[in-house]
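Trainee: My questions all concern the structure below.
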Amino acid sequence: MKTIGMIGGLSWHSSLQMYEYINQYIADRLGQYNCAKMVLANVNLQDVFITRKDEQEQVLLEAARQIDAAGCDFYIICSNTMHRHAPFLASHVKTPLLHIADATADEILSKGIRRIALMGTRITMEEDFYRGRLADKGLQVMIPSEEDRRFIDQVLYKETGFGIVKESSSRRFYEIAESLAAKGAEGVILGCTEIGMLMQQEHTDIPLFDTTIIHGETAARMAIEEN
């Protein structure tokens with residue numbers, strides 16, 4: 001079994017879910033007492049929020065170097081937004097990164113979907129580091145309106161980032177997804193690792209791609225070398 005490195009704490013609520021998804025997948029596949037071999041480098045989210053982009057890179061780099069020193073076979077960043085720093089980290093550590101956008105794009109394409117909507121933080125929805133990566137895989141990416149992007153971002157930073165789940169916010173997230181589907185989206189990426197706290201597939205007919213689940217299960221498959 002390969003050893004997975006995890007940069008967590010971004011936030012710890014979604015990192016907890018990621019940890020569970022990885023271990024549950026391996027336990028289900030291998031049975032008995034099997035679970036993941038894993039090294040967790042948990043950063044302090046407060047240190048990330050109060051710093052500039054270049055300072056954020058140093059916080060993440062310290063964690064990535066811990067994973068590198070531990071001899072992990074590959075690592076994941078338990079956050080969509082923090083993948084904006086993936087190129088910087090790749091230039092400073094040798095351990096390969098399993099990129100969350102790549103894992104998500106592969107899952108979407110396997111379902112025959114080409115036109116996808118993206119919900120996440122404003123940084124994830126608006127900057128090219130994520131959308132561009134999806135486009136490079138052949139996906140057409142749609143994002144919500146300016147007003148909806150502001151609302152989504154506010155909920156993620158002021159509610160789910162603290163583990164708060166409001167029914168009113170959940171309802172609005174589904175409404176935004178429905179509006180995107182009405183404009184031609186064939187599915188919706190839950191492009192923040194905490195959106196799964198607000199939206200689940202059983203509550204909508206729109207195909208949802210929960211990046212926390214996809215990333216975790218992809219990492220688990222890689223660890224036990226499943227195709």
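Every read-out reported here was derived from the displayed coordinates using simple, explicitly stated rules and does not represent laboratory data. From a predicted model like this one, the values you see are computed outputs, not experimental measurements. With ideal geometry, Cβ positions are generated from the backbone for all residues, glycine too; neighbour counts draw on all protein chains shown.
Trainee: Do you know the relative contact order of the chain, to the nearest whole percent, from alpha carbon pairs under 8 angstrom that are 6+ apart?
Mentor: Reported relative contact order: 25 percent.
Trainee: Once both labels are modelled 7 Å past Cα along the beta-carbon direction, what's the Asp47-Glu175 spacing in nm?
Mentor: Spacing of the two 7 Å Cα→Cβ label points: 4.0 nm.
Trainee: To the nearest 500 deg cm²/dmol, what mean residue ellipticity at 222 nm is calculated for the chain from DSSP H runs of n ≥ 4 alone, each contributing -39,500 (n - 2.57), summed and divided by the residues? Intermediate results must be reported in sequence, preceding the final value.
Mentor: Values: 10 runs with 113 residues, N = 227.
That calculation yields -15000 deg cm²/dmol at 222 nm.
Trainee: Hey, if you put +1 on the Cβ of every Lys and Arg and -1 on every Asp and Glu Cβ in the chain, which of Gln58, Trp12, Cys192 ends up farthest toward the positive end of that dipole?
Mentor: Going by the charge dipole, the pick is Gln58.
Trainee: Then there is this: Once you've got the Cα coordinates, tell me which of Lys137/Lys183; Lys53/Lys94; Lys2/Lys158; Lys53/Lys158; Lys111/Lys183; Lys2/Lys53 are over 25 Å apart.
Mentor: On the way: Lys137/Lys183 22 Å; Lys53/Lys94 22 Å; Lys2/Lys158 36 Å; Lys53/Lys158 20 Å; Lys111/Lys183 20 Å; Lys2/Lys53 32 Å.
Going by Cα-Cα distance, Lys2/Lys158; Lys2/Lys53 fall outside the 25 Å limit.
Trainee: While we're here: In percent, how large is the relative contact order of region 101-210, given Cα pairs closer than 8 Å and 6 or more residues apart?
Mentor: Details: 150 pairs, mean separation 36.0, N = 110.
The value is 33 percent.
Trainee: With +1 assigned to the C-beta of every Lys and Arg and -1 to the C-beta of every Asp and Glu, and no other charges, what is the dipole magnitude of region 103-172 about the Cα centre in debye, to the nearest 20?
Mentor: Numbers: 13 positive and 12 negative charges, 41 e Å.
In total the dipole reaches around 200 debye.
Trainee: If you don't mind, another one. Using the Cα centre as the reference, give the magnitude of the dipole from point charges on the C-beta atoms of the chain (Lys, Arg: +1; Asp, Glu: -1; all else neutral), rounded to the nearest 20 debye. Please report the intermediate quantities before stating the final value.
Mentor: On the way: 23 positive and 32 negative charges, 41 e Å.
With only Lys, Arg, Asp and Glu charged at Cβ, the dipole is about 200 debye.
Trainee: Here's something else I'd like to know. Enter the mean projected area of the convex hull around the alpha-carbon atoms of region 101-210, in nm², rounded to one decimal. Please list the in-between numbers first.
Mentor: Numbers: hull surface 24.7 nm².
That works out to 6.2 nm².
Trainee: log10 I(q)/I(0), Debye, Cα-only the chain, no solvent, q = 0.09, 0.10, 0.15, 0.16 Å⁻¹?
Mentor: Values, matching the q order: -0.34, -0.43, -0.99, -1.13.
Trainee: Same structure again: Among residues other than Glu127 whose Cβ falls under 13 Å from its Cβ, what is the net charge (Lys/Arg +1, Asp/Glu -1)? Kindly include the intermediate steps, with their values, before the conclusion.
Mentor: Numbers: positive: Lys53, Arg84, Arg122, Arg131, Arg133, Arg149; negative: Glu126, Asp128, Asp153.
Net charge in that neighbourhood comes out at +3.
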